[in-house]
Amino acid sequence: MRPRRDFLLSACFLPRTPAPIRARVAICCSFFIQGVAFATWCSRIPDVRDRLALSEAALGTLLLAIPVGQLISMAPNGLLVARFGSRRMLLLAGFLYPAILLFLGLAPNVASLAVGLLLAGFAANLSNTAANTQGVQLEHYYRRSIIALFHGMWSLAGLAAVALAMLLGRFGVPTWAHFGGVALGAWALLSCSGGALLTFDRAPAPAAARRGSAWRLTPFLFWLGVASLGCMACEGAIYDWGGVYFRDVLAVLPAHQSYGYFAYLCTMVTGRFVADRIVNRLGPRRVLYACGGFISGGLALAVCAPLLGGPAAMAAAMVGFALMGCGTSAVVPLCCGLAGKAPGVPPSIAIAQISTIGFFGFLAAPPLIGYVAHAASLRLSFAVMAAIGLLVLLATRRLRLP
């Protein structure tokens, strides 16, 4: 590994620790910053809606600005990381993403909020591309799967951000102060850990990035993107509609409506911290098949749970959500790791392509559920998501994996 380059306060960051371990912890910190910024925004969406007096339709339209920002930034972000290196772009994104979060908390009108959400999509995509590129480069050094750990930190950050939002909400802390405090904390973490990031990419290949062939979505990357989309669409469904499903379909008490979501998060976070060992033992194909089965099977169980009635229905739905957490824990990390090793394509561009496809599913699924639920029922919406989860199995079948 190349000698480290100190950045702000990073000389004090694990000074006597071997470089590979420092890099591993630093990449974890970058994923944590990314996850806490996203989850902090999501946790205060109702407050932003009330402050700007937005209707449900207006809010739904505004929230599409994030996937639009990600979609239009796919090519530029891949090129930026390929041209200037993942370390520089990750440091830039680590500063930019929290700054945009603070701007969202202060946005005075709908137009400024829309601009901020577009920029948030850009920053999220840049951070995701650069961080996963760093993770893939470090996997080359370790010669085994380690990338699921980093995605586990993203999920852990989400839990921490939601817990903080619940605490601050009880004390009536305004949105701008909440977002400002999170931004300061993220910048402090970045200033300490940024210097430990990898200083080089094994295959930056800026010349290849300028060739048209490097931007072509190969069949291998396409099916990785399909697997990511199937997984993240179901993940987005649980985040936005899990509590509503328990309250409206299972008719549980208000105090119990988050039980399914909690069960899902517990198994997903745990799964991401153990997924690397399972992949190294069983191989990516078997793990992807198992994840696809858990996702669709868990959703199907949740759809059938109301037939049991009473406490048994809630218990069965919780088991279904927990199975979904197991399934969604490993798909995206595996797909990013495999994309970064795709032949003939710079890692940053490959990761940007499949991440954009997958994250679009994450953000597009909740509105789809709402439309189907309005036209038919919420149970039918979740049955549709179970079918979408089968995309993971379909994509795995088409991929040539060990």
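The values are calculated or read from the model by the stated rules, or taken from the named source; none is laboratory data. Keep in mind that this is a model prediction, so the values were computed, not measured. Cβ atoms come from the backbone with ideal geometry, glycine included; neighbour counts cover every protein chain shown. The accessibility values were calculated without ligands, DNA or RNA, using every heavy atom of the protein model including side chains. Shrake-Rupley method; radii C 1.70, N 1.55, O 1.52, S 1.80 Å.
Pairing residues of segment 67-93 that are within 18 Å of VAL136 (Cα to Cα) with residues that are surrounded by fewer than 17 Cβ atoms within 10 Å (Cβ to Cβ), at Cβ distances under 6 Å and at least 6 apart in sequence or on separate chains, gives ALA82/PRO206; ARG83/PRO206.
For segment 46-54, state whether one or more residues are farther than 30 Å from GLN137 by Cα, assigned to a helix (DSSP H, G or I), touching a residue at least 40 places away in the same chain (Cβ under 8 Å) and under 23 Å from the mean Cα position of the chain (by Cα). Yes, there is a match, as at least one residue in segment 46-54 is farther than 30 Å from GLN137 by Cα, assigned to a helix (DSSP H, G or I), touching a residue at least 40 places away in the same chain (Cβ under 8 Å) and under 23 Å from the mean Cα position of the chain (by Cα).
Pairs are defined by a Cβ separation below 6 Å, a sequence spacing of at least 6 or placement on different chains, a first member in segment 15-30 that is touching a residue at least 12 places away in the same chain (Cβ under 8 Å) and of a type in the set (D, E, K, R), and a second member that is surrounded by 22 or more Cβ atoms within 10 Å (Cβ to Cβ) and part of a helix (DSSP H, G or I); the pairs so defined are ARG22/ALA196. Whether any residue in segment 313-325 is β-branched (Val, Ile, Thr), part of a helix (DSSP H, G or I) and either at pLDDT below 90 or within 24 Å of GLY225 (Cβ to Cβ) (or both) is what I want to check. Taking every residue of segment 313-325 in turn, none turns out to be β-branched (Val, Ile, Thr), part of a helix (DSSP H, G or I) and either at pLDDT below 90 or within 24 Å of GLY225 (Cβ to Cβ) (or both). Beta carbons closer than 7 Å, at least 6 apart along the sequence or on distinct chains, never pair a first residue in segment 378-402 that is farther than 23 Å from ARG144 by Cα and in contact (Cβ under 8 Å) with a residue 24 or more places away in the chain with a second that is open to solvent by 20 Å² or more (accessible area, probe 1.4 Å) and basic (Lys, Arg).
Among the residues of segment 149-163, is any of a type in the set (A, V, I, L, M), more than 19 Å from the chain's Cα centre (by Cα), within 25 Å of PHE360 (Cβ to Cβ) and open to solvent by less than 10 Å² (accessible area, probe 1.4 Å)? Scanning segment 149-163, I find no residue that is of a type in the set (A, V, I, L, M), more than 19 Å from the chain's Cα centre (by Cα), within 25 Å of PHE360 (Cβ to Cβ) and open to solvent by less than 10 Å² (accessible area, probe 1.4 Å), so the answer is no. Condition first: surrounded by fewer than 17 Cβ atoms within 10 Å (Cβ to Cβ) and either among the hydroxyl-bearing types (Ser, Thr, Tyr) or outside any helix (DSSP H, G or I) (or both). Can you find one or more residues in segment 365-376 that meet it? Yes, the conditions are met somewhere in segment 365-376. PRO343 meets each of the listed conditions (1) in a helix (DSSP H, G or I); (2) more than 24 Å from CYS291 (Cα to Cα) apart from (1). Checking each residue in segment 221-269 for being open to solvent by 30 Å² or more (accessible area, probe 1.4 Å), touching a Cys at 6+ places or on another chain (Cβ under 8 Å) and at pLDDT 85 or above picks out only THR267.
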